[in-house]
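The values are calculated or read from the model by the stated rules, or taken from the named source; none is laboratory data. Please read all numbers here as calculations on a predicted model, not as lab measurements. Cβ placement follows ideal geometry from the backbone for every residue including glycine, while neighbour counts extend to all protein chains displayed.
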Amino acid sequence: MFGTVVVGVGIAGLARIRDLMNPMPSSPSEHLKLFGFVSRRSFDSINEAKQISLEDALRNKDIHAAFISTENKSHEETIRMFLEAGKHVLVEYPMALSAKAAHELWEMAEQKGNTFVLQSISCLT
């Protein structure tokens, strides 16, 4: 199993949690284990997924990848933290608010040997 965490519980984050908790039969999601979600708001759980702290998500060796579903302005910082922690990253678009920041993040992922998946390669500038 490949351990995952969802960061952000807006519309996209809630959809990710739902899909990871109830994967379609024979889909790649069946090989993913959701360890929890990270949110700046306090919840007990969402769809039986438990809330964990950002620090726990970054330190937990059983979490291999993060689904970043936060507001656009925090994507760059959040991606950077998870890449530095050695995690793979899937991020909702835009990945960064500038092309320069997007290139830096892409290079960082390559240097660390992490997979960096984008839902879209668009940037705002």
Practice item. Identify the single condition in (1) at positive phi; (2) among the hydroxyl-bearing types (S, T, Y); (3) touching a Leu at 6+ places or on another chain (Cβ under 7 Å) that S26 does not satisfy, given that it satisfies every other one. Key: (3)
Review point. Within the stretch 34-50, is there a residue that is modelled with pLDDT of 90 or more, in contact with a His (Cβ under 6 Å, 6 or more places away or on another chain) and of a type in the set (A, V, I, L, M)?
Key: no
**Study point:** Selection within the stretch 76-87 - surrounded by fewer than 20 Cβ atoms within 10 Å (Cβ to Cβ) and not in a helix (DSSP H, G or I)
**Key:** A85, G86
Review point. Given the residues N47, N22, N60, which is the only one that is free of Cβ contacts under 8 Å to residues at least 60 places away in the same chain, of a type outside the set (A, V, I, L, M) and in contact with a Lys or Arg (Cβ under 7 Å, 6 or more places away or on another chain)?
Key: N47
Exercise for review: Residue by residue through the stretch 1-55, note down the ones that are basic (K, R) and surrounded by 17 or more Cβ atoms within 10 Å (Cβ to Cβ).
Suggested key: R16
Check your understanding: Applying the selection to the stretch 56-75, what residues are part of a helix (DSSP H, G or I), crowded, with 17+ Cβ neighbours inside 10 Å and at pLDDT below 95?
Key -> H75
Review point. For the stretch 7-14, does any single residue satisfy the condition of being part of a strand (DSSP E or B), closer than 16 Å to T78 by Cα and in contact with a strand residue (DSSP E or B) (Cβ under 6 Å, 6 or more places away or on another chain)?
Key: yes
Exercise for review: Those residues that are in contact with a strand residue (DSSP E or B) (Cβ under 8 Å, 6 or more places away or on another chain), modelled with pLDDT of 85 or more and surrounded by fewer than 18 Cβ atoms within 10 Å (Cβ to Cβ), I need them from the stretch 91-108; list them, please.
Suggested key: W106
